[in-house]
Amino acid sequence: MSSSLFHTRRYYGTRLIFAAILALLLLLADWQFTQMNYVRQVFSVGFTPVRWVVNLPSSIGEWSSRNLIARSTLLEENARLRAQLFVLERRAQRMILLETENDRLRLLLNASEQLEDRFISAELIGVDPDPFSHQVILNRGLSSGAYIGQPVIDANGLVGQIIQADQLTSRVLLIGDVNHAVPVQVNRNGVRTTVVGTGDLGRMELMFVPETADIVEGDLLITSGLGQRFPVGYPVAVVTEVRRDPGTAFASISARPLAQLDRTRHVLLVNTQRANGESVSGNP
């Protein structure tokens, strides 16, 4: 048993010596002969598949990690860019809206100068869904100084009056509603009459105008101040049609409201109570 062990040790020692001598000879040959470069290249090409197989697991892991991270990064960047695009689109739309609102507010400020700044600015926040009623809801209520019966105007003319108010909002009856009437006078000659709504926001009618009254197409109708509800001299409508039938006592006269009843958004609440020295929050 021991002789076999020593024999094995001598066998490994002989192999080690032989390997060392072979390595030394290869080093000397590589140093002295250029042909060894070719041999080295052949061995390198032969071991390339082995090297590739050995490195395959780590390459796959690195590739997977890199691509997963890249995909996740791309998805996050894509989501961020989409969000930024949405924000920019909204800002562009907002800029257009702000430009339009700025023009409207400038017109409102010009209108307010005619009323000596006795007004409260408001914005439309709702429309009555009833097709037989023309009413809108504003974002001003009793807490802001609104009151029942308060006139409402826009940059072009009379819009209507408040018929209901709570602490935060108020309801406005538009002058185009069939239940609304406004005492007016012809700006050209002072002829007084009353204009009523027809249910069509683009058309109103003058009531009980004598057939001989001096009213013609194109006449401007302004508030007369009768009834002490609407301020004197504010534009209401323009006469669009005058029909006089012989044998009838009254002429048939139509007018077009000057206020943009179907599209206006910013309005002014005219504070007529303050002008009369009364409480802002009281009822008429």
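The values are calculated or read from the model by the stated rules, or taken from the named source; none is laboratory data. As the structure is a computational prediction, the values presented were derived from the model and not from experiment. Note that each Cβ is placed from the backbone with ideal geometry, even for glycine, and that neighbours are counted across all protein chains shown.
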Exercise. Pairs under 8 Å by beta carbon, first residue in contact (Cβ under 8 Å) with a residue 24 or more places away in the chain in region 203-227, partner of a type in the set (Ser, Thr, Tyr) and in a loop (DSSP other than H, G, I, E, B), six or more apart or different chains?
Worked result: 204/198; 205/198; 211/248; 222/234; 223/234
For this session: Counting only residues that are out of contact with any Lys or Arg (no Cβ under 9 Å at 6 or more places or on another chain) and at pLDDT 95 or above, give me the strands (runs of 3 or more DSSP E) lying completely in region 117-222 with at least 2 of them.
Result: 158-165, 170-174, 192-197, 204-207
Problem set entry | Condition broken by residue 73, with the remaining ones in (1) modelled with pLDDT of 85 or more; (2) part of a helix (DSSP H, G or I); (3) among the hydroxyl-bearing types (Ser, Thr, Tyr) satisfied | (1)
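A quick yes/no check of all residues on (1) surrounded by 15 or more Cβ atoms within 10 Å (Cβ to Cβ); (2) farther than 21 Å from residue 108 by Cα; (3) of a type in the set (Ser, Thr, Tyr):
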position	(1), (2), (3)
180	yes, yes, no
190	no, yes, no
199	no, yes, no
264	yes, no, yes
